[in-house]
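See structure below.
Only the coordinates and a few stated rules stand behind these numbers; no lab work does. All values derive from a computational prediction rather than experimental measurement. Every residue, glycine among them, receives a Cβ derived from its backbone with ideal geometry; neighbour counts consider all protein chains shown.
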Amino acid sequence: MTDDRRYARPRNKLVEQLREKGVKDERVLMAIGKIPRHTLIDTALHGKAYHDTALPIGMGQTISQPYTVAVQTELLEIQQGDKILEIGTGSAYQCMVLCEMGADVFSVERHTELYHRAKEALRKQGYRAMLKAGDGTLGWSTYAPYDGIVVTAGAPVVPNDLIAQLNIGGRLVIPVGDNKKQMMLKITRISETEYEQVELDNFKFVPLIGEKGWKG
Ligand code: SAH
C-alpha cells in the first residue's frame, strides 16, 4: 500500500473532526484533506500525524494543530490568486494549505534549518512558494502589499510593519498575548489610514521572536 493510501482514512477522519469543531469553509477542509502531514514530521510520530494536535518538529518548534491552521486559513478569506504572507514557515504545513487554496504564497522563517527543510518539503510535494530565512516581525517589504498576512507564532503586540504591508481590504490574522495564551485577532485594512479589529478565541502558540516580537 502506498503511503498516501495508508493515510487517506485518518486524514478523512481529521477533516470530519474539524467539521464537527465548527470549521465551515469547504475549501479549507478540502485543502487539509489533501496535505500529506505525515511527510512533515519525524517517522516516529507518523501514528499521530492526523491527530488534531500540534507535534514537535525540532528546534523547540511545532507543526501547528490542524484546527488552528483551519481557523487561521478561514479568517484569511482567501480568493484564488491572493498574495499571502506567512510569518513562521515551520514545517510548511500551513504554507501548503495556502498553496492548495490557490494563493500566491510568501513565507518567512527565523530558523535557517527549518527554512531549508520547508523548502525541500514543498519541492517534494510539488508546491511553489517564496521562502525566506529571516525575522518575520518586519514582514517582507520586497513583495508588499499583501491581501493577507498570517502569523503562526504568538506575538506580544501587533508589529507595525505587518499592518503597513497590508493591501487596502487586506486581512492580518495574528495571535497576540503572553506566553500562556494568545487571543486571535483579525485586523482588516479598510482604507489608507483605517483598520477594523475583531477579537476571536484564545490559542496557544510558540513565541514570535524578533525585533518587533519577544526577545530571543
Ligand atoms: N506555520 C507552521 C507553524 C510553525 S510554529 C506550520 O504549519 O508548521 C511557528 C514558527 O514560527 C516556528 O518555526 C518559529 O521558528 C517561527 N518564528 C518565530 N518567530 C519568528 C520570526 N520573528 N520570524 C519568522 N519565523 C518565526
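What is the helix-to-structure angle for 3-20, meaning the angle in degrees between its Cα long axis and the longest Cα principal axis of the chain, kept from 0 to 90 and rounded to the nearest 10? For helix 3-20, the angle is close to 50 degrees.
Dividing the convex hull volume of the alpha-carbon atoms in segment 62-164 by its residue count gives 94 Å³ per residue. Proximity of backbone amide H atoms, modeled 1.01 Å from N, is registered between Met130 and Val105, Phe106, Ser107 at under 5 Å, excluding neighbours fewer than 5 places apart on the same chain. Both radii are taken from the alpha-carbon atoms of segment 5-203; with Rh as the Kirkwood radius, Rg/Rh is 0.94. For the Cα atoms of the chain, what angle does the longest principal axis make with the long axis of helix 112-125, in degrees from 0 to 90, nearest 10? It works out to around 60 degrees. Two-decimal Rg/Rh of segment 12-87 from alpha-carbon positions, Kirkwood Rh? Dividing the radius of gyration by the Kirkwood radius yields 0.97.
Available extension along the chain between Thr193 and Asn12 is 60.8 nm, counting 0.36 nm per residue and deducting the alpha carbon span. Compute the longest continuous run of the chain that contains no exposed GluC sites (Glu not before Pro); treat a site as exposed when its DSSP state is not H, G, I, E or B and it has at most 14 other Cβ atoms within 10 Å. No qualifying site falls inside 1-191, the longest such stretch.
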